[in-house]
Amino acid sequence: MTRHLPVILFLLPLGLAICLPLIGVRRREWCRPLAIGVLAAMVPVSFASLAGVLQNGTIHYDFGGWAAPVGIEWVADGLASIMTVALSLVGLVCITFLSSVLFPYLGSRIVPFYTLVLLLIASLIGMVFAGDLFNLFVFLEVSALCAYALVGLAGGKALVAGFRYLILGTFGASLYLLGVGYLYAETGTLNMADLAQRVPPLVGSKAIAVGVLFMFIGLGIKMALVPLHGWLPDAYTYAPDRVSPMLASLVTKVALYGWIRIMFWVLGAHAVVYRIPVLFLVGVLGALAALVGAFLALSQTEIKRMFAYGGLSHIGLILVGISLGNQTGFVGGVFYLLNDAVMQAGLFFWAGAIIHLYGVRTIEDLGRLQGGAGWMSVALVVIALSMIGIPPTGGFFGKWYIILGAVEAQNYLAIVAVLIATLLTLAYFAKLFERLFRDRSAQQPLPIREIPLAVRIGLGATSVGVIVLGVMSDHIVSFLLKNALPPGL
Amino acid sequence: MMFELIGGWLQRPNYIAFVLLFLWGIYIMVTRYNLVKKLIGMYLMQTSVIFFLVTTSAKRDATVPILLSTTEIIQPEVYANPLPHVLTLTAIVVGVATLGVSLALADAIYKKYGSLDEEEILKRME
């Protein structure tokens, strides 16, 4: 039974996504409880799958009974299992938030909306478990298609942002597929475990080098690595406020997870292509992303856009962590990735709730709240502390392990990059808090309004979540050290 | 040296065709302002990647990988590799789905802004 849990985890949202259009024809009001119910059911399944992996080791699931190099395989190892646990938990909180009464009534569009959200979750689960490069591509594209449609759902400017996202995303996916084709032509296999045997001896060949480069550029576009991030700020700013938390916290993070898989499980941790160590290159890109993203966030005036750029800088920090080439750094990066999923969700919950409760979109307008917004501000402060990296929160421990890894690798430039990114994060949150708490110049203060239940749940869960992640960081990190390390690190 | 290199390339016209199609697609995507023309470029690029996958399994005088009798000795070298074709089928489906979503978006943009020209749309968005 344990063997089937990863597939059950995938089939739960997929099955409902297929049934929902049929159910929705007659019973439109069932969509919301069914979707939340399925996401809630995924949480215990993902924990059970994690427990199964801990007990019996990695689960290899062969579809149709065809064994791995020939057949299609799903691999649920420690890293994949903890990713799916995070995915189901964050997904559950996100779907609770997005079904809030706060947002405009969708009418008949409620059915395709929930179908897309469920399909997005299912395809992200598929990406996490995929054991070969081509399946990763298929799930990457399914998730991206759902994301394009969800961004465009807001109408108006979101349509143009979604269209741009689609053009760039498809370009990235085509490059990724081209890279997979190069690797297949050179090695004759698509299975990751099989590739891990065959790629290292061939790593000097031109086809492998170019193929890997194409794959990384493709995934880099999908996860909005800084020089390739053009689509992200507009897409996240104009996307419907109810879906941007889900997009920001899950879609780019899972693309980053795919990058980690390919880099460590296919290429190997210490691959050197044309005398350039891959890890070094990734570290430079990560540091660049961390600094540029934070700088751009500092110069924004719109709240959602500022958080979107902040997300870019955190993608960079994760890359800096995993590029250090030692266990501490890798674990720090992965732990930071889990944190970032929670923090991004929380920030966009807050931004969405503020927009719909008070109509405040820009940082300038925050002054009109007169420090109000009740304990929503408290939740924001907690999440911001984690974004900056103040001790009791998860963000601090993520950065702490990244810096420890950098000390271990004697990579002082990485430490400088992390510290400057931290200072810049502090700066842009200071700018936001200054408006929120100290600006008393506004003429018409906004009345404090009651916060809907779903927003309370969303903000409460994420702000408690970052503290729980911080308190539990010891356990999570030792778990990652024991179960989620790539071979040869 | 130069002639040898070009001669080597001409041995594989299918790969040259792939590179041309791929770059042509990107060129259309980047230079055209009309959204539908951008989509045509995008589709051309996607198709060129599919063409590349198929062409890696091209083989002269090869046959389909079907065993006609159970007693026959299997000779892998006479068969064309079927796997890229299978990948291609899936990639075509993905491409068609992407095109469908993109056309729906382009249609919604046209209904909203009354134009398919990117500059015109950006002007009307202000």
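Pairs linking a residue in the range A:65-84 that is in contact (Cβ under 8 Å) with a residue 24 or more places away in the chain and under 9 Å from A:Val53 (Cβ atoms) to a residue that is part of a helix (DSSP H, G or I) and basic (Lys, Arg), with Cβ atoms under 8 Å and 6 or more positions apart or on different chains, are A:Gly78/A:Lys482. Please specify each residue of the range A:87-109 satisfying the condition of being part of a helix (DSSP H, G or I), open to solvent by less than 20 Å² (accessible area, probe 1.4 Å) and in contact (Cβ under 8 Å) with a residue 12 or more places away in the chain. Scanning the range A:87-109 gives A:Leu87, A:Ser88, A:Val90, A:Gly91, A:Cys94, A:Ile95, A:Phe97, A:Leu98.
Screening the range A:43-64 for residues that are aliphatic (A, V, I, L, M) and free of Cβ contacts under 8 Å to residues at least 60 places away in the same chain and picking the one that is farthest from A:Val93 (Cα to Cα) gives A:Ile59. Within the range B:59-69, is even one residue within 12 Å of chain A (Cβ to nearest Cβ), loosely packed, with under 13 Cβ neighbours inside 10 Å and farther than 17 Å from A:Val142 by Cα? The answer is no; no qualifying residue exists.
Sort out which residues of the range A:124-140 are away from chain B (no Cβ under 11 Å) and over 17 Å from A:Val45 (Cβ atoms), and write them in order of number. If the condition is that a residue be away from chain B (no Cβ under 11 Å) and over 17 Å from A:Val45 (Cβ atoms), then A:Met127, A:Ala130, A:Gly131, A:Leu136 are the ones that fit. In this structure, A:Val382 does satisfy being open to solvent by 20 Å² or more (accessible area, probe 1.4 Å) and assigned to a helix (DSSP H, G or I).
Residues that are in a helix (DSSP H, G or I) and either open to solvent by 70 Å² or more (accessible area, probe 1.4 Å) or in contact with a Phe, Trp or Tyr (Cβ under 9 Å, 6 or more places away or on another chain) (or both) within the range B:72-85 comprise B:Pro76, B:Glu77, B:Leu83, B:Pro84, B:His85, listed in sequence order. Here the range B:86-103 is the region considered, the condition is being more than 8 Å from chain A (Cβ to nearest Cβ) and loosely packed, with under 15 Cβ neighbours inside 10 Å, and the residue that is modelled with the lowest pLDDT is B:Val86.
Rundown of residues vs (1) surrounded by 23 or more Cβ atoms within 10 Å (Cβ to Cβ); (2) touching a residue at least 60 places away in the same chain (Cβ under 8 Å); (3) closer than 19 Å to A:Leu404 by Cα, yes/no style:
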| position | (1), (2), (3) |
| --- | --- |
| A:Phe280 | no, no, yes |
| A:Gly293 | yes, yes, no |
| A:Ser313 | yes, yes, no |
| A:Leu317 | yes, yes, yes |
| A:Ile322 | yes, yes, yes |
| A:Gln327 | no, yes, yes |
| A:Phe330 | yes, yes, yes |
| A:Val334 | yes, yes, yes |
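For the range A:125-141, residues that are in a helix (DSSP H, G or I) and over 16 Å from the mean Cα position of the chain (by Cα) total 5. Across the range A:141-151, the number of residues qualifying as facing chain B (nearest Cβ under 7 Å) and open to solvent by 10 Å² or more (accessible area, probe 1.4 Å) comes to 2. With respect to the numbered conditions (1) over 28 Å from A:Ile476 (Cβ atoms); (2) in contact with a Pro (Cβ under 7 Å, 6 or more places away or on another chain), which one is the sole condition not fulfilled by A:Phe349? Of the numbered conditions (1) over 28 Å from A:Ile476 (Cβ atoms); (2) in contact with a Pro (Cβ under 7 Å, 6 or more places away or on another chain), the odd one out for A:Phe349 is (1). The condition (being over 21 Å from the mean Cα position of the chain (by Cα), in a loop (DSSP other than H, G, I, E, B), at pLDDT below 95 and within 14 Å of another protein chain (Cβ to nearest Cβ)) is satisfied by just one residue among A:Gly155, A:Gly179: A:Gly155.
The values are calculated or read from the model by the stated rules, or taken from the named source; none is laboratory data. These numbers come from a predicted model, not from an experiment. Backbone-built Cβ (ideal geometry, glycine too); neighbour counts: all protein chains shown. Note: accessible area is taken over every heavy atom of the protein model, side chains too, but ligands, DNA and RNA are not part of it. Shrake-Rupley method; radii C 1.70, N 1.55, O 1.52, S 1.80 Å.
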